[in-house]
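Written below as structure tokens is the structure these notes are about.
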Amino acid sequence: MSNPENHARRIAKLKDMLRPQSAYIPFEVPPLYDFLKDAWKVLEPGVPFTDGWHLEAICEHLEAVSNGQIKRLIINIPPRHSKSTLVSVIWPVWQWLKAPSTQFLCASYALSLAIGKCPTK
């Protein structure tokens with residue numbers, strides 16, 4: 001039979017084991033533009049991040065969508081400006097960090113693009 005001291009010691013040990021896992025939960029999510037610059041190294045290793053005003057503008061508008069300030073957003077820029085990577089990969093991950101229950105639906109004219117760019121949780 002265990003005494004109260006052993007029981008308290010085991011409870012304290014369990015709490016210590018759980019603490020590292022729960023310590024990361026309340027953390028500060030950086031602005032989307034800063035997250036993009038940091039995440040680029042992971043998503044496109046070996047490809048240098050090319051900054052541009054358009055990326056900052058898209059991030060600002062996507063943050064407004066996340067905050068409920070914009071209900072509908074159309075982004076019209078030429079191909080090869082990182083629009084798909086930003087909107088379909090970076091933004092959902094950033095949003096999941098802020099609100100893990102958020103769901104996304106990805107669609108495209110081509111099945112390969114919809115499947116290739118749409119992240120899964």
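The values are calculated or read from the model by the stated rules, or taken from the named source; none is laboratory data. Since the structure is predicted, the reported quantities are computational estimates derived from the model, not experimental observations. In this analysis, Cβ positions are derived from the backbone assuming ideal geometry, glycine residues included, and neighbour counts consider all displayed protein chains. Please note that ligands, DNA and RNA were not included when accessible areas were found on the heavy atoms of the full protein model with its side chains. Shrake-Rupley method; radii C 1.70, N 1.55, O 1.52, S 1.80 Å.
Among residues of the stretch 51-68 that are over 16 Å from R80 (Cα atoms), those with a beta-carbon under 6 Å from a residue that is part of a loop (DSSP other than H, G, I, E, B) at least six positions away or on a different chain give the pairs H61/L73; A64/I70; V65/L73. The residues in the stretch 61-83 that are open to solvent by 80 Å² or more (accessible area, probe 1.4 Å) and in contact with a His (Cβ under 8 Å, 6 or more places away or on another chain) can be counted, and the count is 0. Listed by first and then second residue, the pairs linking a residue in the stretch 97-111 that is over 18 Å from T85 (Cβ atoms) to a residue that is among the aliphatic types (A, V, I, L, M), with Cβ atoms under 6 Å apart and 6 or more places separating them unless they lie on different chains, are K98/V29. Taking the stretch 37-88 as the range and being aliphatic (A, V, I, L, M), at pLDDT 95 or above and outside any helix (DSSP H, G or I) as the test, only I70 passes.
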